[in-house]
Structure formats: structure tokens, C-alpha cells
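**Student:** Dumping the structure here so I can ask a few things about it.
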Amino acid sequence: MKRNWQGKKVIVIGAARQGLAASRYLAKKSAQVLLTDSQSLSDLNDLKAQLSGIAIELHLGGHPIEILDGVDVVCISGGVPLTIPFIKEAQARSIPLTNDSQLFMEEVKAKVIGITGSAGKTTTTVLTGAIAKAALEPKVKVWVGGNIGFPLIEHLDEIQPDDWVVHEFSSFQLEQMTISPHIAVITNITPNHLDRHKTMEAYMAAKTRILDFQSTQDFAVLNREDPGSYNLVEKTSASSLTFGFNKPDGKHPGVYIEEDKFMLFDGRNESVLFPINTLRLPGRHNLANAMAACAACTAGGFAIQAMSKGIGSVEGIPHRLEMVGEFKGIQWINDSIATAPERVMAAMRALVGPLVILLGGRDKDLPWEDLAEMLHERHSKVVLFGEAGSLIKRALKKFEGNTPSYPIFQVNTLKEAVVKADKIAEKGDKVLLSPGGTSYDAYRDFEERGEHFRNLVKALK
């Protein structure tokens, strides 16, 4: 469904990765692009350098309503809420809304494996991409990107019909989507981003749009262990594959684990995929991510040998239980991706031994009670930081009856949290940055927060 962008006036909201990629792509297609961001030019590092030589008009420091005059399309970056007055006015004027992922899906010629979920979607994307590359390259190119941090829209002209695309989708991107991928994976659907979506129903509706436009020729990959994902099995028009720790009941083919092996049930027969120790990523949650990747690649028709090779090739993923260093008998671990309490709990389950946990950032209107219970059981040391520090402290103390059974410290910044952790950690401890909140109180994104943590830890040596 190619569009002719020549001469079309397009406003792109948001000058981060997605917005910049969309702006460059649209300008290349001869659209009249106007890029607007609430931040000033001084706040946007290297913006002019990233747009050098490209005819794009900038409106920074706000979104004045008058620039909507004569506009054909508004392209929204993922981090921009649909509730801001500027977008509401665009809707009132019946100006079509889109985003970089919708534009990509409208024009991509290759088959797409699309992956979303409340947790695990990036790791599943990386593992799926590794399997696809092991199966297809060098004869066929595999493109891996999307919400993972590498917008693919600028590569549309390079992607060939025989190529494969592995694309991560966020709920923010899916809100605007009217096209589904050939293979759609939902790792899980649990409370997340309620600061943006407001209700769980709205969040689920955004996530399930990845399935809404599939046909009987497509595939849906769903998690048998997660009701939010698996309950969609009867609602999709696509053929379903599932994944979970126990063997499927026979109704749908799927991937599972038996003893020390990853297994595939194709609806009739069972096949061994590879030993569990082929997976080099720690934690039960990563076993689930690997099963999701194998189920997606089964739908893609990729060889079993490629699954073993691809899974085994992934040694680690930045900001996801990433070992930063070990000194004085203390391990320092970067899990900056953990922007919800549930993800903190997954990280804690993956680690054995005493923990010093750094919690904070910006809250997403999510419940902290389950994490409070786990902290009580593990008797971990906790250092709180950032905008949500006081909120988290109240939640933890409430669970403890206002008298915590484990040490809780509160500081202002991540730097101060690292200094405090260095003072209270003992030999044999693991210091875990797994904040449970977003980075937006102090950083551009979770990656910048994780990079800062790395540098702070290295400075301790």
C-alpha cells in the first residue's frame, strides 16, 4: 500500500530516534516535513547534525496549534501521548494520524515477524533475529529493529521481497497500526504503561492490535502461561502456535520444556530442539523468551538446527541483567530495562544470593505490592532514588506494617544510589540496578540510564 508523499505536508512530533527516522524518510520521499518537539534546540543534542543536508522545517520548544494549517498527515513518535492538545486538535480537524511503524508496515515488501508484550519483547526479538540469521543468511538478509532502538523505516528501499524482518512493536506504536505482521508474537500482557493508557483495558486493546488485522494465512504466537496472551487464541483469525513450560494439550502446536530440553509439538509428533544449556541468558523469564522465539521461527519454517545455533549465539543483551563488573567480591548488574515492578521480580528470580537493589525512576501507575512481598521474603537491601523514591518507600513500608524487616535507604540521584550501594554492599552481594520505574525523570531513555550506571560503577574501581 504505497503512498505518494511528494508535496504532502507532514508534521512529525518528537525529535528522538523514531521521529528523526520518520522525518528523514519522508523528506527523502519529497514530503514537506515539519519536525516539532517540546524541547528546545539546546536540549536536543546533535539534532542539526542528524538532519544535515535534509530539507526539514523545525518548530522546537512547543507545538503551536497554527502549524496544523494545511497539514495532510501527523506522524507521532512513540513517546508522545495521544492526549496532548496538539493531537486532539489534529483529530478535531480530521487530519490522519500515523507513526513510523505504520508507515513501515504499509510499504515493506518482505515478510515480517512482529513481537510485542509487556516484558521480554526485546530479548525475544534479538533471539528470533539470531535464529532467522542462522537459518537464512547470507543468501537472504534478515533485518532486526523497530522499538528495539533501530527504526527500520529508513531502510525500506533496501529491504527485498525475499528478505525477512524481525520487528519489535511497543503498545505506543500499535495504537496507530492498521496492518498486522505475517507472524505476530505476544510474549505476555500484564499491567504496564498505565500512566499512558490509563486503564488495563486500553493497554490490552493496544497490544492486541498486532493480531487484529491478520488473516488465515498468518500466524499468532501466544503464551500458554499468561492469560493476557493465551486468551486471545480463540479471537485471532490466524493459525496459532503457543509456548509454555508444560506440553501443549494438543489443540495447538507449540514449544515447551521437558526435563533439560526445549521441545516442539507440531500437533502430532514431538521433536527435540536443543538442550536447555544452549541458552546463555539467565533466568526463567529468558527460557520463556527463547520458547517464544522458537515458536515464531517454527511458524517461519526455519530449520531446527538454526534454532540451536541462533539461541546459542546470543551471549547477553545490554541493560538486561548485564554484568557490569565484579570487584571486592561484589557483582554489579545493569538491568535498566526493568521499568515495571514485575520486571524487577523477574530479575530477582534470576539471581541467587543476597541482593542490594536500586529502585526508582518515574512511576507508571503500577502496583508495587507483589514486589514488596518478594523483597520481604528475600530480605534484600534496597536503595531508592529518583522521582518515585518516596512513592516506592511508602508502598514498601505499608506492606511491612511501617516497620521494614530489611534495610531501606533513600537518596536523590542514581549517582548517590551507587555510592550508597558501594558502602552497604558486602562480599558475596550482587548490586542490581533494576529500577521498576522509567528513566524519564532524569534521562532520555533506559539506555542512557544504564550507560550512566556502567560509568558510575567503573569509577568505583
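**Student:** Which one of the conditions (1) open to solvent by less than 10 Å² (accessible area, probe 1.4 Å); (2) more than 22 Å from residue 282 (Cα to Cα) does residue 125 fail to meet, given that it meets all the rest?
**Tutor:** So residue 125 meets the others, but not (2).
**Student:** Within the set of pairs 6 or more residues apart or between chains, which connect a residue that is touching a residue at least 60 places away in the same chain (Cβ under 8 Å) inside region 116-133 to a residue that is assigned to a helix (DSSP H, G or I) and of a type in the set (Lys, Arg) with Cβ atoms less than 8 Å apart?
**Tutor:** Partner pairs satisfying both residue conditions: 116/207; 117/207; 118/207; 119/343; 131/309.
**Student:** Something else now. Do we find a residue being part of a helix (DSSP H, G or I) and not aromatic (Phe, Trp, Tyr) anywhere in region 423-441?
**Tutor:** Of region 423-441, the ones part of a helix (DSSP H, G or I) are 423-424.
Next, from what is left, pick out any that are not aromatic (Phe, Trp, Tyr): 423-424.
Checking region 423-441: at least one residue is part of a helix (DSSP H, G or I) and not aromatic (Phe, Trp, Tyr).
**Student:** Same structure, new question: Could you list all residues from region 189-217 that are among the small types (Gly, Ala, Ser) and crowded, with 21+ Cβ neighbours inside 10 Å? I'd like the intermediate steps shown before the answer.
**Tutor:** In the first step, residues of region 189-217 are kept if they are among the small types (Gly, Ala, Ser); the result is 202, 205-206, 215.
Selection gives 206 alone.
**Student:** Report, ordered by the first and then the second residue, all pairs with beta carbons closer than 7 Å, sequence separation of six or more or different chains, a first member in region 245-266 that is closer than 17 Å to residue 293 by Cβ and part of a loop (DSSP other than H, G, I, E, B), and a second member that is acidic (Asp, Glu) and open to solvent by 40 Å² or more (accessible area, probe 1.4 Å).
**Tutor:** 245/225; 253/266
**Student:** Is it true that some residue in region 274-283 is touching a Gly at 6+ places or on another chain (Cβ under 9 Å), of a type in the set (D, E, K, R) and under 24 Å from residue 338 (Cα atoms)?
**Tutor:** Yes, because at least one residue in region 274-283 is touching a Gly at 6+ places or on another chain (Cβ under 9 Å), of a type in the set (D, E, K, R) and under 24 Å from residue 338 (Cα atoms).
**Student:** Taking region 444-461, which residues are among the basic types (Lys, Arg) and either open to solvent by less than 60 Å² (accessible area, probe 1.4 Å) or not in a helix (DSSP H, G or I) (or both)? Write out each step before concluding.
**Tutor:** Our first condition is that a residue be among the basic types (Lys, Arg); within region 444-461, this holds for 444, 449, 454, 458, 461.
Selection gives 444, 449, 454, 461.
**Student:** Check every one of the strands (runs of 3 or more DSSP E) wholly within region 1-117 and list those with 2 or more residues that are touching a strand residue (DSSP E or B) at 6+ places or on another chain (Cβ under 8 Å) and not aliphatic (A, V, I, L, M). Before the answer, list the steps.
**Tutor:** Values: elements: 9-13, 32-37, 56-60, 73-76, 111-116.
It comes to 32-37, 56-60, 111-116.
**Student:** State yes or no: is residue 81 more than 17 Å from residue 12 (Cβ to Cβ) and modelled with pLDDT under 95? I'd like the intermediate steps shown before the answer.
**Tutor:** Numbers: more than 17 Å from residue 12 (Cβ to Cβ): no; modelled with pLDDT under 95: yes.
Judged against the criteria, residue 81 is not a match.
**Student:** If you don't mind, another one. Please note which helices (runs of 4 or more DSSP H) are completely contained in region 304-422 and include at least 2 residues that are surrounded by 16 or more Cβ atoms within 10 Å (Cβ to Cβ) and among the β-branched types (Val, Ile, Thr). Give the steps one after another, and end with the answer.
**Tutor:** Working: elements: 304-313, 341-350, 369-378, 389-399.
The qualifying helices (runs of 4 or more DSSP H) are 304-313.
**Student:** Inside region 280-303, can you point out the residues that are within 24 Å of residue 220 (Cα to Cα) and not in a helix (DSSP H, G or I)?
**Tutor:** Going through region 280-303, the residues within 24 Å of residue 220 (Cα to Cα) turn out to be 284-303.
Matches in region 280-303: 300, 301, 302, 303.
**Student:** Output the residues belonging to region 146-185 that are within 12 Å of the chain's Cα centre (by Cα), buried (at least 20 other Cβ atoms within 10 Å of the Cβ) and either part of a loop (DSSP other than H, G, I, E, B) or at pLDDT 95 or above (or both).
**Tutor:** 147, 148, 167, 168, 169, 170
**Student:** Which one is farthest from residue 300 (Cα to Cα), of the residues in region 218-241 that are among the aliphatic types (A, V, I, L, M) and assigned to a loop (DSSP other than H, G, I, E, B)?
**Tutor:** 232
**Student:** Could I ask something else about it? Residues 335, 363: which one is in contact with a Ser or Thr (Cβ under 7 Å, 6 or more places away or on another chain) and either under 21 Å from residue 409 (Cβ atoms) or of a type in the set (Val, Ile, Thr) (or both)? Show your work before the answer.
**Tutor:** Working: 363 fails: in contact with a Ser or Thr (Cβ under 7 Å, 6 or more places away or on another chain).
After ruling out the rest, the residue left standing is 335.
**Student:** Give me the pairs, please: first residue somewhere in region 43-64 and in contact (Cβ under 8 Å) with a residue 40 or more places away in the chain and open to solvent by less than 80 Å² (accessible area, probe 1.4 Å), second residue anywhere and outside any strand (DSSP E or B) and aromatic (Phe, Trp, Tyr), beta-carbon distance under 6 Å, and either six or more positions apart or on two chains.
**Tutor:** 63/86
The values are calculated or read from the model by the stated rules, or taken from the named source; none is laboratory data. Everything numeric in this text was worked out from a predicted model, so none of it was measured. Because the Cβ atoms are built from the backbone with ideal geometry, glycine has one as well, and the counts that use them run over all protein chains shown. Areas reflect the complete protein model, heavy atoms only, side chains present, ligands, DNA and RNA absent. Shrake-Rupley method; radii C 1.70, N 1.55, O 1.52, S 1.80 Å.
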